[in-house]
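Contents: one structure, followed by commentary.
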Amino acid sequence: MKALDFSFSRPPVTQLKNAGIAGVIRYVTGQGKAIDKPEFDSYVNASIPVALVFEQDTTSWRGGAGTGLAHGRLARQTASGIGFPKSRPIYAAYDTDIAPGSTDWVAAISYQMGFNTGAGGTQGAYAEAALLDELLNRGLIKWAWQTESRGFPGNAIDDPRACLIQRTWHTLAGGDAHQVDENDVFATDWGQHPAPQPPPKPEKKMDHVWIGYVQGSDARYIIGAGTKHHIGNPAVYKEWSAQAVARGLDVLERPCTQAFLDDLTTV
């Protein structure tokens, strides 16, 4: 599946729906490119999942933890204002090459720490693979979105832990010429709202049936959940038992006392 991110383009909902996408990723702030409440509501009403990314500019993360804290608060406040739930992450963007071990590397890590605090918990990051791996290893992000800029030295190959990998921009088909970026989706939860629902638990199927009897008696009792069902006729029990086995059930006979059987409710 593909998720689309775009900044100044505004593809209509019908065009997005016809493209069969997994959802959209939109900027939470930025002059001319930020999502607003009507746009957000249009996606929600059309059942198009939405994720959000924050970027003031390509190097604002160099401000470290203090800047990250302020940006995290701004991102969360703005996102909440359009209806994006606090339980869903916001991606912090690092759209430039950052050399491991450099001053910028340390600043980016500090920025993410501050951003998480301001935004209300562990968030996501949009960056090259090397930085994503560092942030994941430190437990500073749960959602990793890899930039398509393969010219970055730390971004030569796909990150196997990325939930989103940006590919390249193209013109969205099926309508007006809107420029969008395609992203391959590699996780059920890629930070989108609404959050994916866990699959329903499979129904527990009974694979056996307990049969109680008193030593020396031909009567049999099907036992379960504090109840018993009496089968007094041996021929009827034999037929019932054969049918149970044919349905794949193990018929497990256990001797018990009459007092135990008397305590069970007859159904």
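The values are calculated or read from the model by the stated rules, or taken from the named source; none is laboratory data. Being a predicted model, the structure only gives us computed values, none of them experimental. Glycine gets a Cβ as well: all are built from the backbone with ideal geometry, and neighbour counts include every protein chain shown.
Within segment 225-241, residues that are assigned by TED's automatic domain parsing to the domain that holds LEU252 and farther than 12 Å from ILE211 by Cα have Cβ atoms under 9 Å from residues that are modelled with pLDDT of 75 or more and assigned to a strand (DSSP E or B) in these pairs: GLY232/ARG220; PRO234/ARG220, counting only partners at least 6 apart in sequence or on another chain.
Among the residues of segment 39-90, which ones are in a loop (DSSP other than H, G, I, E, B), without any contact (Cβ under 8 Å) to a residue 40 or more places away in the chain and closer than 22 Å to TYR111 by Cα?
GLN56, ASP57, THR58, THR59, LYS86
Out of GLY120, GLY191, one residue alone is closer than 25 Å to TYR43 by Cα, surrounded by 15 or more Cβ atoms within 10 Å (Cβ to Cβ) and in contact (Cβ under 8 Å) with a residue 60 or more places away in the chain. It is GLY191. Across segment 1-56, the qualifying residues are those that are of a type in the set (Ser, Thr, Tyr) and on the phi < 0 side of the Ramachandran plot, and the one among them that is surrounded by the fewest Cβ atoms within 10 Å (Cβ to Cβ) is THR14.
Within the bounds of segment 48-58, is there any residue that is farther than 18 Å from PHE115 by Cβ and polar (S, T, N, Q)?
no
Every test in (1) under 30 Å from LEU16 (Cα atoms); (2) modelled with pLDDT of 80 or more is passed by ALA242 save one, and that test is (1). Would segment 154-164 turn up any residue that is of a type outside the set (Gly, Ala, Ser), assigned by TED's automatic domain parsing to the domain that holds VAL28, surrounded by 13 or more Cβ atoms within 10 Å (Cβ to Cβ) and assigned to a strand (DSSP E or B)? Yes: one or more hits.
Quick check: anything in segment 163-179 closer than 20 Å to TYR126 by Cα, touching a His at 6+ places or on another chain (Cβ under 9 Å), at pLDDT below 95 and of a type outside the set (A, V, I, L, M)? Scanning segment 163-179, I find at least one residue that is closer than 20 Å to TYR126 by Cα, touching a His at 6+ places or on another chain (Cβ under 9 Å), at pLDDT below 95 and of a type outside the set (A, V, I, L, M), so the answer is yes. Restricting to segment 130-146, name every residue that is buried (at least 23 other Cβ atoms within 10 Å of the Cβ) and outside any strand (DSSP E or B). Scanning segment 130-146 gives LEU131, LEU132, LEU135.
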